[in-house]
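The structure appears right after this line, and notes come after that.
The values are calculated or read from the model by the stated rules, or taken from the named source; none is laboratory data. Treat the numbers as computed from the prediction; the structure is a model and nothing was measured. Neighbour counts are summed over all protein chains in view; Cβ atoms, including those assigned to glycine, are modelled from backbone coordinates with ideal geometry.
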Amino acid sequence: MVKTWQCGRFEFPLDRPVLMGVINVTPDSFSDGGQHVAAEAAIKHARQLIKQGARIIDIGGESSRPGAEPVLAKRELDRIMPVLESLRHADVALSVDTSKPEVMKATLDAGADIINDITGFKDPEAQALVAEHGRCGVCVMHMQGEPRSMQQAPVYDDVSTEVFGWLEQQAQHLVGLGVSASRLSLDPGFGFGKTIEHNYQLLRDLERLVALGYPVLIGVSRKSMIGAVTGRPVDQRLAGSLAGAIVGVYRGARIVRVHDVGATKEALDVWQAVEFGPKESS
């Protein structure tokens, strides 16, 4: 069982949850598309998330919402690099949400600590890059299909067995290439080629993924799985997102990717007070 997640310049103990704040430098992301497309706005928002308790900032320059069209690597880098360079000296781990090897290389060279790949490092070039780097954190996510078509008709015989089994195989493959197990985290990919029923089954069975011994990352913040049961539009899903985060952490997730860092931190502080005893706010 991995006890510490190694991410470039940082090592995160996994006895308690780590908050990953989301920065989408895109015009069309599902929850906040266009709000932070300008680098200045994205940097300002990232600094707010750091103050609220984010230990990791996850920067994305290409939307992965259902139906999204791919963008060129140059466009993606033009969006990401100003934010990455501005935050490089902040006391926060910098994650880049990308599936393109050329974007991975450029951002790692510029100081990124983590690569978060929604395709789960299926590309052999991407696998070789993170293996060669030696220290960066590696977020392996499961996705059935691709963003343009993933939600059209996702089908599984047994979603938890298939998703968790694929993640285990991919982790073992990356370890075989030289990626230390302490650098890996596994993400079941809520909303990426799954129905609402699939998503909740994966969350219900999350302890099976945790039992594989790798840090588990979850991202349910503001997603359609929350809206489906609350009836709330994307900008009114905070309460449901907090409940999803708490359930995931209770079942063993230790990296929580969220839009609303401050509120999530407060909810997790209460959970931690129950588990470990209260710690008064300064």
(request) Starting from residues that are farther than 29 Å from HIS133 by Cα and over 16 Å from the mean Cα position of the chain (by Cα), keep the ones in the stretch 1-31 and report whichever is modelled with the lowest pLDDT. (result) ASP28
(request) Report yes if some residue within the stretch 187-201 is buried (at least 24 other Cβ atoms within 10 Å of the Cβ) and touching a strand residue (DSSP E or B) at 6+ places or on another chain (Cβ under 6 Å); otherwise report no. (result) yes
(request) For VAL96, indicate whether it is of a type in the set (A, V, I, L, M, F, W, C) and part of a strand (DSSP E or B). (result) yes
(request) Find the residue count for the stretch 120-164, including only residues that are assigned to a loop (DSSP other than H, G, I, E, B) and either at pLDDT below 95 or out of contact with any strand residue (DSSP E or B) (no Cβ under 8 Å at 6 or more places or on another chain) (or both). (result) 19
(request) Specify which of the listed residues (VAL210, VAL270, VAL247) is over 23 Å from ASN24 (Cβ atoms), among the hydrophobic types (A, V, I, L, M, F, W, C), surrounded by fewer than 22 Cβ atoms within 10 Å (Cβ to Cβ) and free of Cβ contacts under 8 Å to residues at least 12 places away in the same chain. (result) VAL270
(message) Could you list, ordered by first residue, the pairs with Cβ atoms under 9 Å in which the first is in the stretch 72-86 and at positive phi and the second is modelled with pLDDT under 95 and surrounded by fewer than 20 Cβ atoms within 10 Å (Cβ to Cβ), at least 6 apart or interchain?
(response) none
(request) Considering each residue of the stretch 53-101, count those that are surrounded by fewer than 19 Cβ atoms within 10 Å (Cβ to Cβ), over 13 Å from VAL22 (Cα atoms) and in contact with a Leu (Cβ under 8 Å, 6 or more places away or on another chain), and give that number. (result) 1
